[in-house]
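Working notes, structure below.
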Amino acid sequence: MKWASVLSRSQSANGFDWQELVDTAVLEVKAKLGSEKPDLVLVFIAAQLSEHCEEIAKEIKAQLAPKALVGCSAGGLIGGGLEVEQEAGIALCAAVMPGVHLKAFHLDDKKLPDLDAGPASWENLVGFKGDEEPFFILLPDPFTFRVEALVEGLDFAFPNSKKIGGLASGASQPGKNALLLNDRVFRKGLVGVGCSGNVVLETIVAQGCKPVGRPLRVSECDNNVLIELDGKPAVTALKEVLENMSEQEQSLARHSLFLGVVMDEFKSEFKSGDFLIRNIIGIEPKSGALVVGEVLRNERTVQFHVRDAASSSEDLRMLLKGYVEQSAESGKGEGALLFSCLGRGTYLYGQANHDTDGFKAYIGDIPLSGFFCNGEIGPVGGKTFVHGYTSSFGIFKEKEKAGGKC
């Protein structure tokens, strides 16, 4: 297996030539892959080039002739060791994947099976059987596709398969994002690719928050309305947590307060990565209940969280370090993808390449490609979720080298 990641940027102050950007990217990919032809190509195109997406897709497909090509428009690009925001360019990823079966697809929201449909309906939708245990790279349009319904259905039909991806970005209204499938461009729905065979996908999902206070038990709730914590009105429990915060944490909580839901109740202690982070949408004044962006259940463990650049950076470092320690025996990855929120990058950290540099420092200098998304897809606690303010990494290895069986 061999991967290449390049970033082709406009060098002209007077505009850009999309053909020149494509030619530059393709030449660099070919130089990195040598005589080998890529099986999979991923293309992320800056929003400034949106009107040229179909021409770009056709040109890259013709020049590289991969078995599968998928991609989308992007509000920011990741590739070639760099993160670029608000700039015209193309991030191009190409992978030679011997022994891997690839199937790329476009899905229409109206054709999604009902959530009470059996596994066969979801298998037919994506063209894989459950026992193939494929993994999926998913690129939905945020305006026209119910991605939560899809990942729930795929988790049901493919419980042992990882799903990663990001919601197309760069547009502010339906019909303006671009979804690439081979040499075609769609303006709604989802494009994706399934992969099975001699490949392993390992994931890191950095949600960028730190816990404050102590873990609390949900003693009463109604769907996404959190009524009581530890037998007290939820707002009372929150006030107690706030009173014991440092001044800095209290300042963060005014605009960056979240609720973390523990995903594995069998653990005796909880740390970063053990929680699914969800927004606190509001407070019901009369009851003191909190409205949360997640359906809750009684007896679940939760903990309040805050986010800033420092806590987000520390969260990423801890997760990368933990991944390295846990995956030492499975060997180094051949390539990787990064789907990062538009709210990270220079907006959060005040510097470019923060997550890319962190990845390189811990994982190594392997080809890394991706884009800044309108939402990120990745697993937490064995289930797949759509996240916000998150960086979702996928690291690819050959199954044989990782100690698995084909």
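Per-structure values
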{"item": "Leading residue by the ranking (surrounded by the most Cβ atoms within 10 Å (Cβ to Cβ)) among those in region 60-114 that are free of Cβ contacts under 8 Å to residues at least 40 places away in the same chain and under 27 Å from VAL200 (Cα atoms)", "result": "ILE60"}
{"item": "Any chance SER196 is crowded, with 16+ Cβ neighbours inside 10 Å and within 29 Å of the chain's Cα centre (by Cα)", "result": "yes"}
{"item": "Flag if PHE145 is modelled with pLDDT of 95 or more, part of a loop (DSSP other than H, G, I, E, B) and over 17 Å from ILE377 (Cα atoms)", "result": "no"}
{"item": "Filter pass, PHE372 being buried (at least 24 other Cβ atoms within 10 Å of the Cβ), out of contact with any Ser or Thr (no Cβ under 7 Å at 6 or more places or on another chain), modelled with pLDDT of 95 or more and assigned to a strand (DSSP E or B)", "result": "no"}
{"item": "Odd one out for PRO134 among (1) touching a strand residue (DSSP E or B) at 6+ places or on another chain (Cβ under 6 Å); (2) crowded, with 24+ Cβ neighbours inside 10 Å; (3) under 23 Å from SER73 (Cβ atoms)", "result": "(3)"}
{"item": "Number of the exception - LEU252 against (1) at negative phi; (2) crowded, with 17+ Cβ neighbours inside 10 Å; (3) modelled with pLDDT under 95; (4) part of a loop (DSSP other than H, G, I, E, B)", "result": "(4)"}
{"item": "Test: residue in region 61-83 that is hydroxyl-bearing (Ser, Thr, Tyr) and out of contact with any strand residue (DSSP E or B) (no Cβ under 7 Å at 6 or more places or on another chain)", "result": "no"}
{"item": "Selection count, region 262-294, where residues are among the hydrophobic types (A, V, I, L, M, F, W, C) and within 16 Å of GLY381 (Cα to Cα)", "result": "7"}
{"item": "Strands (runs of 3 or more DSSP E) lying entirely in region 166-247 (those with 2 or more residues that are hydrophobic (A, V, I, L, M, F, W, C) and closer than 30 Å to SER327 by Cα)", "result": "190-197, 200-206"}
{"item": "Sole residue being under 29 Å from LEU229 (Cβ atoms), free of Cβ contacts under 8 Å to residues at least 60 places away in the same chain and not assigned by TED's automatic domain parsing to the domain that holds LEU226, chosen from GLY350, GLY343", "result": "GLY343"}
{"item": "Some residue of region 387-395 being under 18 Å from GLY166 (Cβ atoms) and either assigned to a helix (DSSP H, G or I) or more than 20 Å from the chain's Cα centre (by Cα) (or both)", "result": "no"}
{"item": "Count - residues of region 211-237 that are of a type in the set (D, E, K, R) and either outside the structural domain of VAL295 (by TED's automatic domain parsing) or buried (at least 22 other Cβ atoms within 10 Å of the Cβ) (or both)", "result": "0"}
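The values are calculated or read from the model by the stated rules, or taken from the named source; none is laboratory data. None of the values given here were measured: they were computed from a predicted structure. Note: ideal-geometry Cβ built from the backbone for every residue, glycine included; neighbour counts use all protein chains shown.
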